[in-house]
1. Within region 38-53, track down each residue that is buried (at least 21 other Cβ atoms within 10 Å of the Cβ) and assigned to a loop (DSSP other than H, G, I, E, B).
2. Considering only residues that are surrounded by fewer than 17 Cβ atoms within 10 Å (Cβ to Cβ) and assigned to a loop (DSSP other than H, G, I, E, B), which ones fall in region 54-78?
3. Hey, among the residues in region 79-108 that are surrounded by fewer than 12 Cβ atoms within 10 Å (Cβ to Cβ) and part of a loop (DSSP other than H, G, I, E, B), which one's modelled with the lowest pLDDT?
4. Quick one: SER67 ticks every box in (1) in contact with an Asp or Glu (Cβ under 6 Å, 6 or more places away or on another chain); (2) at pLDDT 80 or above; (3) over 21 Å from VAL20 (Cβ atoms) except a single one, so which number is it?
5. Return the pairs, sorted by first residue and then second, in which the second residue is surrounded by fewer than 16 Cβ atoms within 10 Å (Cβ to Cβ) and outside any helix (DSSP H, G or I), the first residue lies in region 85-105 and is touching a residue at least 40 places away in the same chain (Cβ under 8 Å) and on the phi < 0 side of the Ramachandran plot, the beta carbons are less than 8 Å apart, and the residues are 6+ apart or on different chains.
Amino acid sequence: MSGHEESSRCGEGHRKYAGVRQRKWGKWVSEIRVPGTQERLWLGSYSSPEGAAIAHDVAMYCLRGPSASDKLNFPLQRMPSVVFTGDMSLQSVQKAASDAGMAVDASFVASRSVQEDGGSDSRHGNARPDGGDGCLSISVDDYL
């Protein structure tokens, strides 16, 4: 299958994010190549493409540092300076990325269920995970 066919089949209505693809059954998955090797680091499976994209961004930043900021899916997303130590194990990178992706994913899933119900979710105060202004409002600091 060509890349064009795959993107039209899987990505209808969704922006294409780096390191993110959609499975046939609808789940979004993310992985990244480990710098200097041919190895891929599995970052997880998500309900939303945004969750998978954030996981990819966190892993990219952890593996490549601040110089990777221009290659992120959400370049305006604030990445904590404490993240990049240069000596994080692949397992630590994988956990930080997965935790951040799952947090975003949970926000999007909660947002969708609130929108489907037609009401607001008093537990979260704001039904939109992006704070209503189109920008994601999460802190990666909580997941490292």
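The values are calculated or read from the model by the stated rules, or taken from the named source; none is laboratory data. Because the structure is a prediction, the values reported are computed rather than measured. Cβ sites come from the backbone with ideal geometry, for glycine too, and all protein chains shown count toward neighbours.
1. Selection gives SER48 alone.
2. Step one: of region 54-78, the residues surrounded by fewer than 17 Cβ atoms within 10 Å (Cβ to Cβ) are 64-67, 69-71, 75-76, 78.
Selection gives GLY65, PRO75, LEU76, ARG78.
3. Here the answer is VAL82.
4. Answer for SER67: the failing condition is (1).
5. Filtered contacts from region 85-105: LEU90/VAL34; GLN94/TRP42.
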